[in-house]
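Undergrad: Submitted below is the structure of interest, expressed as structure tokens.
The values are calculated or read from the model by the stated rules, or taken from the named source; none is laboratory data. This is a predicted model, so every value here is computed, not measured. Note that each Cβ is placed from the backbone with ideal geometry, even for glycine, and that neighbours are counted across all protein chains shown. In case anyone asks, the SASA skips ligands and DNA or RNA and just uses the protein heavy atoms, side chains included. Shrake-Rupley method; radii C 1.70, N 1.55, O 1.52, S 1.80 Å.
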Amino acid sequence: MAKTKLSVLDLLKMKRDGEKASWLTAYDYPTARFAEEAGLDMLLVGDSLGMCVYGYEGTVPVTMDQCIVHCQAVRRGAPRTFVIGDMPFMSYQKSDEDAVVNAGRFLKESMVDAVKLEGGRRVITRIKAILDAGMVVCGHIGLTPQSSGQLGGHKAQGRTAESAQALVEDALAIEAAGAQLLLLEAVPPEVAGFIARRLAIPVYSIGAGPECDGQLLIVSDMIGQFQAFTPKFVKKYADVAGVVTAAMKSYVQDVKKGSFPADEH
Ligand code: KIV
């Protein structure tokens, strides 16, 4: 039977029923197809595509146009999976108007189910403006890569009582603003668990421990494709870099030896 498309209400029901949501990033059509076939609940077209697809050092150079093209490919590959578009740096930082226009582009041009933006209380008016335009919003707090310079690098957040308290207040403000989903990145498990229990909306983890309502990983990390570094919280489920490099080496040898193409090719 074809998978039925999840809505934000289904994600809420999963939280209430204690069913964990499985979530990966995806940036292209084939990966989105594999994910839908594998039964993923959600996909994030993350601005991590800057590193994973374009070879940038971080997410900051990623543009709206790049995000839209990748969201369109993922939507085509996974028409029945809940797809979230990630708002890139400077697509919402300047004004509420910019936030609505750019969130609207995600919806109009690539038919995503929701948009995600980084930040807590400081982006509350942005979140409200996008919600007022009728879209679904996923908040993102903890380690927020777009502002990692202010955080002193890609560092776990919420490790002191004061910063844990600030995270809780950000989470409560995001929920009070009306956001339907929240992602916690690189937050101690006990702080993440507390927030997940405290909030009625689904709260997901990337490197924030097992007590959240679902887990997100960057697909290029979990399939062993991205090689620059692997965060400690990642479980590698495959060695795509190894498999592909070995296949290419065999091809090089076959061509040099003249054993490819053979008669059957
Ligand atoms: O861009 C992305 O993939 C993200 C995750 C790191 C949460 O925002």
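Undergrad: Look through segment 147-193, keep the residues that are among the small types (Gly, Ala, Ser) and assigned to a loop (DSSP other than H, G, I, E, B), and return whichever of them is farthest from the ligand (Cβ to nearest atom).
TA: Gly178
Undergrad: Among the residues of segment 99-121, count how many are in contact with a helix residue (DSSP H, G or I) (Cβ under 7 Å, 6 or more places away or on another chain) and part of a helix (DSSP H, G or I).
TA: 9
Undergrad: Still on this model: With respect to Ala73, is the statement that it is closer than 18 Å to Thr31 by Cβ, within 16 Å of the ligand (Cβ to nearest atom) and either open to solvent by less than 60 Å² (accessible area, probe 1.4 Å) or part of a strand (DSSP E or B) (or both) true?
TA: yes
Undergrad: Also, quick follow-up: Every residue in segment 88-127 that is of a type in the set (Asp, Glu), away from the ligand (no atom under 15 Å from the Cβ) and within 17 Å of the chain's Cα centre (by Cα), please.
TA: Correct list: Asp113 only.
Undergrad: Which condition number in (1) touching a Gly at 6+ places or on another chain (Cβ under 9 Å); (2) without any contact (Cβ under 8 Å) to a residue 40 or more places away in the chain; (3) open to solvent by 20 Å² or more (accessible area, probe 1.4 Å) is the one that Phe229 fails?
TA: Result: Phe229 fails condition (1) only.
Undergrad: Now for a separate question. Gln227: assigned to a helix (DSSP H, G or I) and of a type in the set (S, T, N, Q), yes or no?
TA: no
Undergrad: It is to be established whether one or more residues within segment 26-49 are open to solvent by 30 Å² or more (accessible area, probe 1.4 Å), touching a residue at least 24 places away in the same chain (Cβ under 8 Å), under 20 Å from Ile130 (Cβ atoms) and not polar (S, T, N, Q).
TA: Taking every residue of segment 26-49 in turn, none turns out to be open to solvent by 30 Å² or more (accessible area, probe 1.4 Å), touching a residue at least 24 places away in the same chain (Cβ under 8 Å), under 20 Å from Ile130 (Cβ atoms) and not polar (S, T, N, Q).
Undergrad: Only residues that are assigned to a helix (DSSP H, G or I), within 15 Å of the ligand (Cβ to nearest atom) and aromatic (Phe, Trp, Tyr): list them for segment 24-70, please.
TA: Those that are assigned to a helix (DSSP H, G or I), within 15 Å of the ligand (Cβ to nearest atom) and aromatic (Phe, Trp, Tyr): none in segment 24-70.
Undergrad: On to the next question. Is there any pair linking a residue in segment 1-21 that is closer than 21 Å to Val137 by Cβ and open to solvent by 60 Å² or more (accessible area, probe 1.4 Å) to one that is modelled with pLDDT of 90 or more and β-branched (Val, Ile, Thr), with Cβ under 8 Å and at least six apart or on different chains, and which?
TA: Listed by first residue and then by second, the contacts come to Lys5/Thr81.
Undergrad: Which of (1) over 18 Å from the mean Cα position of the chain (by Cα); (2) loosely packed, with under 15 Cβ neighbours inside 10 Å does Ala164 not meet, given it meets every other one?
TA: (2)
Undergrad: Could you pull out the residue among Ile124, Ile130 that is assigned to a helix (DSSP H, G or I), within 30 Å of Glu190 (Cβ to Cβ) and touching a helix residue (DSSP H, G or I) at 6+ places or on another chain (Cβ under 9 Å)?
TA: Ile124
Listed here are the residues, each with its yes/no results for (1) within 18 Å of Trp23 (Cβ to Cβ); (2) free of Cβ contacts under 8 Å to residues at least 12 places away in the same chain; (3) surrounded by fewer than 21 Cβ atoms within 10 Å (Cβ to Cβ).
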site: Glu190; (1), (2), (3): no, no, yes
site: Pro202; (1), (2), (3): yes, no, no
site: Glu211; (1), (2), (3): yes, no, yes
site: Tyr237; (1), (2), (3): yes, no, yes
site: Gly242; (1), (2), (3): no, no, yes
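Undergrad: Something else about it: Here are some residues: Gly58, Gly85, Gly46. Which one is within 16 Å of the chain's Cα centre (by Cα) and at pLDDT below 95?
TA: Only one candidate passes the filter, namely Gly58.
Undergrad: Looking at Gly149, Gly207, which one is touching a Phe, Trp or Tyr at 6+ places or on another chain (Cβ under 6 Å), surrounded by fewer than 23 Cβ atoms within 10 Å (Cβ to Cβ) and small (Gly, Ala, Ser)?
TA: Gly207
Undergrad: OK, next. Taking the residues in segment 213-226 that are open to solvent by 20 Å² or more (accessible area, probe 1.4 Å) and in contact with a Cys (Cβ under 7 Å, 6 or more places away or on another chain) as candidates, determine which candidate is farthest from Ala173 (Cα to Cα).
TA: Phe226
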